[in-house]
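Input: a single structure, listed below in structure tokens.
The values are calculated or read from the model by the stated rules, or taken from the named source; none is laboratory data. Keep in mind it's a predicted model, so treat the numbers as computed, not measured. Here the Cβ positions follow ideal geometry from the backbone for every residue, glycine too, while neighbour counts run over all protein chains shown. Ligands, DNA and RNA are stripped out before the accessible areas are found, and what is left, the full protein with its side chains, is counted by its heavy atoms. Shrake-Rupley method; radii C 1.70, N 1.55, O 1.52, S 1.80 Å.
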Amino acid sequence: MDRALEPELRRELAERLRYYRDLGIHDFYRRGSRPRSMEIEPAAETVSASSEKLLFSVEPQEDMGARKSGVMPVVADGGIFEVVSPKPEQGVADHASALKVIREDLGDCRRCKLHQQGRKQIVFGVGNPQAELMFVGEGPGADEDAQGEPFVGRAGQLLNNMIKAMGLRREDVYIANIVKCRPPGNRTPERDECETCSPFLMRQISVIKPKVIVALGAVAAKNLLAINAPMSELRGRWYDFKPAVSDPSWPGARLAVTYHPAFLLRDPRQKGEAWKDLQMVMKYLGIQPPKKSAE
Ligand code: SF4
């Protein structure tokens, strides 16, 4: 049944279609009227609290309390239309090679205005092309822009410590951002910038096929989940996540939300809460926290 679209929605759809056509994508199919729902499971109980004395210095465990449950809207990659045209990386079996194809496709990207607002370079993403765990932040900062790698400044050091506290190494995971160019003055990336850049992130996710994605901060979470909610509502639960264009044999990832490391630097009291989020992820992935060496 045809429905009149709001002018704003019509304009956004037209922009998005134009963008996909710029990418050489022309075939679009309207998704069914009712997207699949996802069950939100109560978060896992805290796993062993014995791992708290780690480099990711966390505060004492608190009772996680009652967790949220219920049914949330479908997780999509930000559009009403599913794009089903083949991507150049599809059919490239090797994950690292497929990521290279996406990077080449991105080229010296000028698709959004961030290309002319002082970026030094594009920050594509880094890590294990076959990672089970992927972290997604908001966008590069000054250090990342200078070095061409996500999460290398102070916030990156804290993220490294968080990864280490989980018993993993930075090389084990994959790290990327919603936008790949530094917003001027480290401002929050704007909606059109996120919408223009995130299809490339979706393609990276489709290649890597992680078991779990951790959204770092509200901007990443809202863009990935297309949900406008405060962190207090976004955290502490699982979401099903699968880009619209991905391997049909891949069931998709589970997605959890935690605080951005830059926020934790400003408010270290929230580290304990972030650790609970990471423990939920560890339990799902079957990761045992490292033993304390003094014992
Ligand atoms: S942020 Fe993304 S879409 Fe915008 S110019 Fe950079 S790479 Fe291109």
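Summary table below
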quantity	calculated
In region 92-108, the residues that are under 16 Å from Glu193 (Cα atoms) and open to solvent by 20 Å² or more (accessible area, probe 1.4 Å)	Asp108
Of all residues in region 85-118 being among the hydrophobic types (A, V, I, L, M, F, W, C) and assigned to a helix (DSSP H, G or I), the one that is nearest to the ligand (Cβ to nearest atom)	Leu114
Failed criterion for Trp250 (all others in (1) over 25 Å from Phe200 (Cβ atoms); (2) part of a loop (DSSP other than H, G, I, E, B) hold)	(1)
So Ile163, is it assigned to a helix (DSSP H, G or I) and within 16 Å of the chain's Cα centre (by Cα)	yes
Enumeration of residues in region 220-255 that are of a type outside the set (A, V, I, L, M) and touching a residue at least 60 places away in the same chain (Cβ under 8 Å)	Asn223, Glu233, Gly236, Arg237, Trp238, Tyr239, Asp240, Phe241, Lys242, Pro243
Hits in region 169-195 - residues which are out of contact with any helix residue (DSSP H, G or I) (no Cβ under 9 Å at 6 or more places or on another chain) and touching a residue at least 12 places away in the same chain (Cβ under 8 Å)	Glu171
Number of the condition not met by Val179 [criteria: (1) open to solvent by less than 50 Å² (accessible area, probe 1.4 Å); (2) within 10 Å of the ligand (Cβ to nearest atom); (3) in a helix (DSSP H, G or I)]	(3)
Check on Leu255, within 28 Å of Val152 (Cα to Cα), in contact with a Leu (Cβ under 7 Å, 6 or more places away or on another chain) and open to solvent by 10 Å² or more (accessible area, probe 1.4 Å)	no
Among the residues listed as Gly236, Gly185, Gly217, the single one being more than 14 Å from the ligand (Cβ to nearest atom), closer than 22 Å to Gly153 by Cβ and open to solvent by less than 30 Å² (accessible area, probe 1.4 Å)	Gly217
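Yes/no per residue for (1) open to solvent by 20 Å² or more (accessible area, probe 1.4 Å); (2) assigned to a loop (DSSP other than H, G, I, E, B):
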position	(1), (2)
Gln121	yes, yes
Phe124	yes, yes
Gln130	yes, yes
Met134	no, no
Gly139	yes, yes
Asp143	yes, no
Ala146	yes, no
Pro150	no, yes
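Yes or no, residue by residue, for (1) under 17 Å from Lys164 (Cβ atoms); (2) in a helix (DSSP H, G or I); (3) within 17 Å of the chain's Cα centre (by Cα):
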site: Asp240; (1), (2), (3): no, no, yes
site: Leu264; (1), (2), (3): yes, yes, no
site: Lys271; (1), (2), (3): yes, yes, no
site: Asp277; (1), (2), (3): yes, yes, yes
site: Ile287; (1), (2), (3): yes, no, no
site: Lys291; (1), (2), (3): yes, no, no
